[in-house]
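Notes to accompany the following structure.
The values are calculated or read from the model by the stated rules, or taken from the named source; none is laboratory data. Keep in mind it's a predicted model, so treat the numbers as computed, not measured. Note: ideal-geometry Cβ built from the backbone for every residue, glycine included; neighbour counts use all protein chains shown.
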Amino acid sequence: MSFFNMGAIYFALQIGGFLALLLISWYFFDKRYKGKRRSSEQQNDILKHSHPTSEVFVDPADGKTYRVYYDEQTGTRSYVEEYSQS
């Protein structure tokens, strides 16, 4: 094989690897922050064992308001959607 063919193969492998990494990271990106949907039982468990903090934010992706709950025993922070009282 000539040097030119080896260079083209190497370049194609780099591009393919980059595209594969890009697709994998895009697929898993949201799951890193949101996780799986919680059942009402899991939600109640979080509310029972954690206490609300003063941290409240609006998620720009879905426009919903979330409050951070903190479990002192495990150090886990959970993000729970705030529902308006009106």
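Collect the residues in region 12-41 that are modelled with pLDDT under 90 and of a type in the set (F, W, Y), keeping them in residue-number order. Selection gives W26, Y27, F28, F29, Y33. For region 56-86, the candidate set comprises residues that are farther than 18 Å from Q43 by Cα and over 15 Å from the mean Cα position of the chain (by Cα); within that set, the residue that is modelled with the lowest pLDDT is S86. Of the numbered criteria (1) at pLDDT below 80; (2) surrounded by 12 or more Cβ atoms within 10 Å (Cβ to Cβ), the one S2 fails is (2).
Note on region 41-63: residues that are outside any strand (DSSP E or B) and among the hydroxyl-bearing types (S, T, Y) amount to 1.
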